[in-house]
Amino acid sequence: MPMRHFLSTQDWSRADLDALLAQAAAFKRSKAGTQLAGKSIALLFFNPSMRTRTSFELGAFQLGGHAVVLQPGKDAWPIEFELGTVMDGEAEEHVAEVARVLSRYVDLIGVRAFPKFQDWSIDREDRVIHAFARHATVPVINMETITHPMQELAHILALQQHFGTNDLRGKKYVLTWTYHPKPLNTAVANSALQIATRYGMDVTLLCPNRDYLLDPRYMDFAARNVAENGGSLSISHDPQQAYRGAHVVYAKSWGALPYFGRWADEKPIRDAHQHFIVDEAKMALTDGAVFSHCLPLRRNIKATDAVMDSAACIAIEEAENRLHVQKAVMAALAQ
């Protein structure tokens, strides 16, 4: 079989994703396995991590494998990604060598690399992980860049297990922007929009105004997913209307794409929409909806204590599922 990467769920068929989720559910019932016995994974973290690093390291261990954690620019050499660059700056080696050398050592490579938040036309190219995928001779896994496919799988598994069915069609799903003191990555929002439409839910993207719509690539993916899988996609700027009758509320903060690199200009808009917080009054408008978030979450900024501590919150379940879905992906790619 040709080598496969796991960069985006859009690259994998629904049948493939269903198989990964079934395997993840099996790992949730029984953690130990031998699928990675004698194998290893290099985990490259260009940005901080808690859940991702912990769950990947433990996941590899539980399947009999070994994880090597690297932080380029900290405990490993800084890396250059542009071709044709005269390397007279901070970078000591090029990804062309890094990816190929690591491929001689390990069986899988995981990459976590956030945008630079200066120019979206550059950030949207996702150059770091695509450079690794281009030069590596082993499968490359996206541990979060401008999408977060592992969070997508963990989220869907949590919903399937909460509702007691793999069929999520007919569920009203609200992906709501929330306030944050700083502009954040759109990765989880991009991913939530992709996977919710992929699984046929009736999705509402709730955000302050059209400046907070997601990149056209992900809006187009969502529209294509609706055409292929049923469900619907709508946009709302009215929390009261969006929450009413919802079965799922998923919250995330993100910066407005037109303001990339001009965050001081965006800040007044963000500050004016602090009422987008997920609170008891909004959740009372839903049809007994569950609430979740990818974590970390700033309490009483994104969601209130009462929402986070309620029986409706499945964020911890979703976080646990990261371990299981990542094991499923590693096991599938390491075959």
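The values are calculated or read from the model by the stated rules, or taken from the named source; none is laboratory data. Remember, it's a predicted structure, so these values are computed and weren't measured experimentally. Just so you know, the surface numbers come from the protein's heavy atoms only, side chains and all, with ligands and any DNA or RNA stripped out. Shrake-Rupley method; radii C 1.70, N 1.55, O 1.52, S 1.80 Å.
Of the solvent-accessible surface of the range 1-99, computed with a 1.4 Å probe over protein heavy atoms with every protein chain present, carbon and sulfur atoms account for 55 percent.
Can you give the calculated 222 nm mean residue ellipticity of the chain, where each DSSP H run of n ≥ 4 adds -39,500 (n - 2.57) and the sum is split over every residue, rounded to the nearest 500 deg cm²/dmol? Value at 222 nm, helices only: -12000 deg cm²/dmol.
With all protein chains in place and a 1.4 Å probe, the accessible surface of the range 239-318 carries 55 percent carbon and sulfur. Given the pairs Lys267/Lys302; Lys172/Lys282; Lys28/Lys172; Lys171/Lys282, which are separated by over 22 angstrom at their Cα positions? The pairs that break the limit, which is 22 Å between Cα atoms, are Lys28/Lys172.
The C-alpha atoms of the chain define a longest principal axis, and helix 14-29 lies at about 90 degrees to it. Helix 51-62 and the longest principal axis of the C-alpha atoms of the chain enclose an angle of approximately 50°.
The range 53-127 and the range 176-255 have Cα centres spaced 29 Å apart. A 1.4 Å probe run over the range 141-279, with the rest of the protein chains in place, finds 32 Å² accessible per residue. Relative to the 2.2 N^0.38 Å rule of thumb, the range 185-234 has a C-alpha radius of gyration ratio of 1.03. Bridgeable aspartates and glutamates around Lys74 (alpha carbons under 13 Å apart, same-chain partners fewer than 8 residues away excluded): Glu90, Glu92. Determine the shape class of the range 119-189: with a ≥ b ≥ c the square roots of the Cα gyration tensor eigenvalues, call it rounded for a/c under 1.5, and otherwise prolate if a/b is greater than b/c, oblate otherwise. It comes out oblate by the Cα gyration axes. The fraction of accessible area contributed by carbon and sulfur in the range 105-229 is 47 percent, rounded to a whole number (1.4 Å probe; ligands and nucleic acids excluded).
Contact order for the range 55-113, expressed relative to its length and based on alpha carbon pairs under 8 Å spaced 6+ residues apart, stands at 19 percent. Measure nothing fancy, just the Cα-based angle from helix 187-198's long axis to the longest principal axis of the chain, in degrees from 0 to 90, nearest 10. Approximately 70 degrees, to the nearest 10.
Per residue, the range 63-118 exposes 59 Å² of accessible surface when a 1.4 Å probe is rolled over the protein heavy atoms with every protein chain present.
Dividing the Cα radius of gyration of the range 236-335 by its Kirkwood radius returns 1.07 for Rg/Rh.
By the Stokes-Einstein formula, at 0.890 mPa s and 25 °C, the chain with its Kirkwood radius over alpha-carbon pairs has D equal to 120 µm²/s. A viscosity of 1.002 mPa s and a temperature of 20 °C, combined with the Kirkwood radius over C-alpha pairs in the Stokes-Einstein formula, give the range 51-150 a diffusion coefficient of 147 µm²/s. If you sort the three axes of the alpha carbon gyration tensor as a ≥ b ≥ c, you get a/c under 1.5 for the range 1-51, which makes it rounded.
The per residue volume of the convex hull around the alpha-carbon atoms of the range 180-278 is 89 Å³.
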